[in-house]
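Asker: The structure that follows is given in the form of structure tokens.
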Amino acid sequence: MAETPLSDFLRSYLTVGIFASLGFILVGLLVMIAWLIRPDRRQEQKYISYESGVDPVGDLWSQSQIRYYVFALLFVIFDVEVVFLFPWSTQLEAFGAFGLWHMFFFIFVLLLSLIYAWRKGVLRWA
Amino acid sequence: MIPAFAEPLLALELAYWQETLIKVLVGLAAALGLTGGVVYLYLFKFVSFMQSRLGPMEAGPYGSLQLLAEVGKWLQKEDVAPSRADRVVFGLAPAVVLTSTFLIFVVIPAGPNAVIADLATGIYYVLGVSSLSVIGILMAGWASANKYALIGGLRAAGQLIAYELPLVLAVVGVVITVGSLNLQDIVAAQANGEIFGFTGIGNPFIITQFIGFMIFLIAIQAELTQTPFDMPIAESELVAGYHVEYTGIRFLVYFISEFATAVAFAAVASTLFLGGWAVPESWGISRDAMHWVGPLVISAKAVFLVGVVFWVRFTFPRFREDQLQTLAWKGLIPLALANIALTAVFKVVF
């Protein structure tokens, strides 16, 4: 295997890439088979958006509540925290107590943000 | 322990493309085979017996071919997309969700060498690709141009990101204990481990990381949008949520990926907390034998954990949306952070 230009590292990610395309290939294949054997009887009424059997009312791409947005923002804060947590957690043996105190401080500051959001009432879903 | 006919197979040197082709075929067969088995076992039979009925009995012995009949049925259905839908995004969404599922299977080890791509980032990669499905679901909800679908898609996104955090934080405890993200290292650490000098069962992290295991199970229940966390597809209020406008084979793809993801997450959970494909080192089973015992062990553990998910699914009623968010943000996330702190202290002190 020495003559191959790709390192094992990149090679394994190539495999990941191949599997990523597999989902699209499989769905494409299934849709193609279905296209060959399914009936196709066009009727105007079939293509109206479903709204429990009555004609759809108003704009279908409507605006939604802000609370989803607030939760998404909170999520980003903690997701970034996790990005820092993982490298730290693999090297904890080497860092010892020094790493422990620093990460505790980091987690504590982020917990304050959760407590702040909690006190502000954004965690209440209403 | 290896059958004689298989020995030349192990000695074969394969080119990359040959190896990948075999991996794709075996990986697909394992993923879809296990998913089909789980759907038959739990969704058709287990729930039927819980509800005092027989379930499918006509197709094949004890209805075992029901699933094939279902696929045949869905393939013949007309493909209807609403005229106001965004056609391209509408068509791509199921594939994105399915891709997210397949990508999880890539790193789950089923034996000493039986892993599709042995990434050093292992579990971190799993958590990354599993959240790709949120994009697919949002695409479906938005592109359908339907109010139910939009609400369902938003609910799903809100729920999936809220439970992504406990899921990820529960894993950190295991990573601290092992000191590696690679799933093979995590398996090895459990097989070689000891509990106060007792090596009889290794050290499955379900014992030392029990809080993490419970948080992980609750989080995968929510990530899979199974009852009691099924508000995104709540039949009685949103009809079917983000896939209300999907018909035929595209609709089926959502179901395939839902149950395949259940199998994938169960396999990840059993790798992290139940010892994965390995049996304790002290049992003295040779590494050669593990090449074929390993896949059976991990499959059995994964099928068992999927059973727990379905057991909960068919036992509990649906939560309200606010209860769901409260549980994640005020319950599971602080608990998971406390678990991390506790684990870190134990790791450094001992």
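The values are calculated or read from the model by the stated rules, or taken from the named source; none is laboratory data. Computed from a predicted structure; not experimentally measured. So basically every Cβ, Gly included, is an ideal-geometry build from the backbone, and we count neighbours across all protein chains shown. Heads up: the accessible areas ignore ligands, DNA and RNA and are worked out on the full protein's heavy atoms, side chains in. Shrake-Rupley method; radii C 1.70, N 1.55, O 1.52, S 1.80 Å.
Asker: Roughly how big is the protein assembly as shown's charge dipole about its Cα centre, with Cβ charges of +1 (Lys, Arg) and -1 (Asp, Glu), in debye to the nearest 20?
Answerer: Dipole about the Cα centre, nearest 20: 1020 debye.
Asker: Still on this structure, I have one more. So how exposed is A:Leu100, as accessible area in Å² (1.4 Å probe, rounded to 10)?
Answerer: Roughly 10 Å² of A:Leu100 is accessible to a 1.4 Å probe.
Asker: Another question about this same structure. For the stretch B:82-349, what is the accessible area per residue in Å² when the probe is 1.4 Å?
Answerer: For the stretch B:82-349, the per-residue accessible area is 32 Å².
Asker: Of the heavy-atom accessible surface of the protein assembly as shown (probe 1.4 angstrom), what whole percent is carbon and sulfur?
Answerer: 69
Asker: With labels modelled as points extended 7 Å from the Cα through the Cβ direction, what inter-label distance (nm, one decimal) is found for A:Ile115 paired with A:Ala20?
Answerer: Going from the A:Ile115 label point to the A:Ala20 one covers 4.1 nm.
Asker: Which ³J(HN,Hα) values in Hz, rounded to whole numbers, follow from the phi angles of the stretch B:278-285 under the Karplus curve 6.51 cos²θ - 1.76 cosθ + 1.60, where θ = phi - 60° and Gly and Pro get x?
Answerer: Computed from phi, the couplings for the stretch B:278-285 are 7, 10, x, 4, 5, 6, x, 7 Hz.
Asker: Additional query: Among B:Val47, B:Val174, B:Val126, determine the one that fluctuates most according to a GNM of chain B built with springs between C-alpha atoms less than 10 Å apart.
Answerer: B:Val47
Asker: For every helix of n ≥ 4 consecutive DSSP H residues, a contribution of -39,500 (n - 2.57) applies; sum these over chain B, divide by its total residues, and give [θ] at 222 nm rounded to the nearest 500 deg cm²/dmol.
Answerer: -20500 deg cm²/dmol
Asker: Can you give me the long-range amide H partners of B:Gly276? Hydrogens built in the peptide plane at 1.01 Å from N, cutoff under 5 Å, separation of 5 or more residues or another chain.
Answerer: Long-range HN contacts for B:Gly276: B:Thr271.
Asker: Name the helices (complete DSSP H segments) of chain B with a Cα length along the long axis of 20 Å or more and a Kyte-Doolittle mean of at least -0.5, or state none.
Answerer: B:16-38, B:87-105, B:147-178, B:248-273, B:287-313, B:333-349
Asker: If one takes the accessible area of chain A alone plus chain B alone and subtracts that of the pair, with a 1.4 Å probe, what total in Å², rounded to the nearest 100, results?
Answerer: Accessible area lost upon association: around 6600 Å².
Asker: Could I ask something else about it? Cut-off 10 angstrom, C-alpha nodes, Gaussian network model of chain B. Which of B:Val279, B:Val308, B:Val24 fluctuates the most?
Answerer: Highest fluctuation among the options: B:Val24.
Asker: Given a Förster radius of 25 Å and the C-beta distance between B:Gln51 and B:Phe304 as r, what FRET efficiency does 1/(1 + (r/R0)^6) yield to the nearest 0.05?
Answerer: According to the calculation, E is roughly 0.70.
Asker: Rank these residues by their accessible area, most exposed first, probe 1.4 Å: B:Met139, B:Met50.
Answerer: B:Met50, B:Met139
Asker: Give me the one-decimal nm value for the distance between modelled label points at A:His102 and B:Asp322, 7 Å along each residue's Cα-to-Cβ direction.
Answerer: My value for the distance between the label points is 4.3 nm.
Asker: Between B:Asn192 and B:Leu32, what is the spin-label point distance in nm, taking each point 7 Å from the Cα along the Cα→C-beta axis?
Answerer: For B:Asn192 paired with B:Leu32, the spin-label model returns 3.9 nm.
Asker: Quick one: accessible surface of B:Ile256, probe radius 1.4 Å, all protein chains present, in square angstrom to the nearest 10.
Answerer: Taking all protein chains as shown, B:Ile256 has close to 50 Å².
Asker: Can you tell which of B:Phe90, B:Phe49, B:Phe196 shows the greatest fluctuation in a Gaussian network model of chain B with Cα springs below 10 Å?
Answerer: Of B:Phe90, B:Phe49, B:Phe196, the Gaussian network model singles out B:Phe196 as fluctuating most.
Asker: Which residues' amide hydrogens lie under 5 Å from the amide hydrogen of B:Leu65, considering only partners 5 or more residues apart or on another chain, with H built in the peptide plane?
Answerer: Those lying under 5 Å, H to H, from B:Leu65 are B:Gly60.
Asker: Would you mind calculating the gained length between A:Val57 and A:Val83 on full extension (0.36 nm times residue separation, minus the Cα-Cα distance), in nm to one decimal?
Answerer: That works out to 5.0 nm of additional length.
Asker: Please find the FRET efficiency linking B:Leu65 to B:Phe210, where r is the Cβ-Cβ separation and R0 is fixed at 45 Å, and quote it to the nearest 0.05.
Answerer: 0.65
Asker: Next up: So if a site counts as exposed when it's one of the trypsin sites (Lys or Arg not before Pro), its DSSP state isn't H, G, I, E or B, and it has at most 12 other Cβ atoms within 10 Å, what's the longest stretch of chain B without one?
Answerer: Maximal segment without exposed cleavage sites: B:54-319.
Asker: Apply 1/(1 + (r/R0)^6) to the Cβ-Cβ distance of A:Ile48 and B:Ala338, taking R0 = 41 Å, and write down the FRET efficiency to the nearest 0.05.
Answerer: 0.20
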